[in-house]
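One structure is given here, and the rest of the page talks about it.
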Amino acid sequence: MLESTMAERKASVTRDTLETQITVSINLDGTGQAKFDTGVPFLEHMLDQIARHGMVDLDILARGDLHIDDHHTVEDIGITLGQAVAQAVGDKKGIYRYGHAYVPLDEALSRVVIDFSGRPGVVFDVPFTRGSVGGFDVDLFMEFFQGFVNHAQVTLHIDNLRGDNTHHQAETVFKAFGRALRMALTADPAMAGITPSTKGVL
């Protein structure tokens, strides 16, 4: 089920499978308000970074087969969030298209670069120093971002440049992702009504 109000850059997407039932509602022109009920606390902490630093309003309700592990729930939240962003951004006319951010947290530093290119691709270079944090398997962050880019149709480069604390590494990634997303989706006055591509379409 897909619903959107393109002029307001809002969307609501529901994904219902045998493994998960997920609803994501997003307002790309929000104030950083967030509401989560996913059963995966550390992921919710990271999603909150996207909302607050991306200045998007984000509401995510997820029910998944957590008795097996977090994998399906985390991946499908990434997929559904990607679908919601794509629906809300619409034809991409008048946006900056590209966004980038460097974010530090104590000893950790991460860089995220995003392009609303219409072509899904992710480079994820994050050498986590531990395999889990807060009971969360950090391998699942790649699954989250892979699901996101496949359905948002973006190119995404994520690099953790340094860091010793796994929590800090993850948090700088998600803060930088939020800020890069915000930059890319900002209206560019010089491109009002224009698709930011020599192809004329993204």
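Among residues of segment 65-81 that are touching a residue at least 60 places away in the same chain (Cβ under 8 Å) and over 17 Å from THR14 (Cβ atoms), those with a Cβ under 6 angstrom from a residue that is surrounded by 21 or more Cβ atoms within 10 Å (Cβ to Cβ) and among the β-branched types (Val, Ile, Thr), sequence gap 6+ or separate chain, pair up as ASP70/VAL40.
Of the residues making up segment 95-116, those that are in a loop (DSSP other than H, G, I, E, B) and either at pLDDT below 95 or within 17 Å of ALA170 (Cα to Cα) (or both) are ASP106, GLU107. Has segment 181-202 got any residue that is at pLDDT below 95, surrounded by 18 or more Cβ atoms within 10 Å (Cβ to Cβ), touching a Lys or Arg at 6+ places or on another chain (Cβ under 7 Å) and within 16 Å of GLY82 (Cα to Cα)? Yes, segment 181-202 contains at least one residue that is at pLDDT below 95, surrounded by 18 or more Cβ atoms within 10 Å (Cβ to Cβ), touching a Lys or Arg at 6+ places or on another chain (Cβ under 7 Å) and within 16 Å of GLY82 (Cα to Cα).
If you take the residues in segment 117-152 that are acidic (Asp, Glu) and either under 21 Å from THR80 (Cβ atoms) or modelled with pLDDT under 95 (or both), which one is farthest from the chain's Cα centre (by Cα)? Among residues in segment 117-152 that are acidic (Asp, Glu) and either under 21 Å from THR80 (Cβ atoms) or modelled with pLDDT under 95 (or both), the one farthest from the chain's Cα centre (by Cα) is ASP137. With respect to the stated conditions, ARG162 is among the charged types (D, E, K, R), in contact with a strand residue (DSSP E or B) (Cβ under 7 Å, 6 or more places away or on another chain) and more than 15 Å from ALA101 (Cβ to Cβ). For first residues located in segment 27-47 and over 18 Å from THR80 (Cα atoms) and in contact (Cβ under 8 Å) with a residue 12 or more places away in the chain, partners that are part of a loop (DSSP other than H, G, I, E, B) and aliphatic (A, V, I, L, M) and lie 6+ apart or on another chain with Cβ distances below 6 Å form the pairs GLY30/VAL56; GLY32/MET55. The set of residues in segment 159-202 that are of a type in the set (Val, Ile, Thr), assigned to a helix (DSSP H, G or I) and touching a residue at least 60 places away in the same chain (Cβ under 8 Å) comprises THR172, VAL173.
Taking segment 113-131 as the range and being more than 16 Å from ALA152 (Cα to Cα) and in contact (Cβ under 8 Å) with a residue 12 or more places away in the chain as the test, the residues that pass are PHE124, ASP125, VAL126, PRO127, PHE128, THR129, ARG130.
Listed residues GLN87, GLN83; which is within 12 Å of THR23 (Cα to Cα) and either hydrophobic (A, V, I, L, M, F, W, C) or at pLDDT 95 or above (or both)?
Result: GLN83 is the single residue among GLN87, GLN83 that is within 12 Å of THR23 (Cα to Cα) and either hydrophobic (A, V, I, L, M, F, W, C) or at pLDDT 95 or above (or both).
Select from segment 9-26 the residues that are out of contact with any Leu (no Cβ under 7 Å at 6 or more places or on another chain), assigned to a loop (DSSP other than H, G, I, E, B) and touching a residue at least 40 places away in the same chain (Cβ under 8 Å) and list them in ascending order. Correct list: THR17, GLU19. Of all residues in segment 43-95, those being crowded, with 20+ Cβ neighbours inside 10 Å, among the hydrophobic types (A, V, I, L, M, F, W, C) and more than 15 Å from LEU181 (Cβ to Cβ) number 6.
The values are calculated or read from the model by the stated rules, or taken from the named source; none is laboratory data. In this text the structure is predicted, and so the values were computed from the model without any measurement. In this analysis, Cβ positions are derived from the backbone assuming ideal geometry, glycine residues included, and neighbour counts consider all displayed protein chains.
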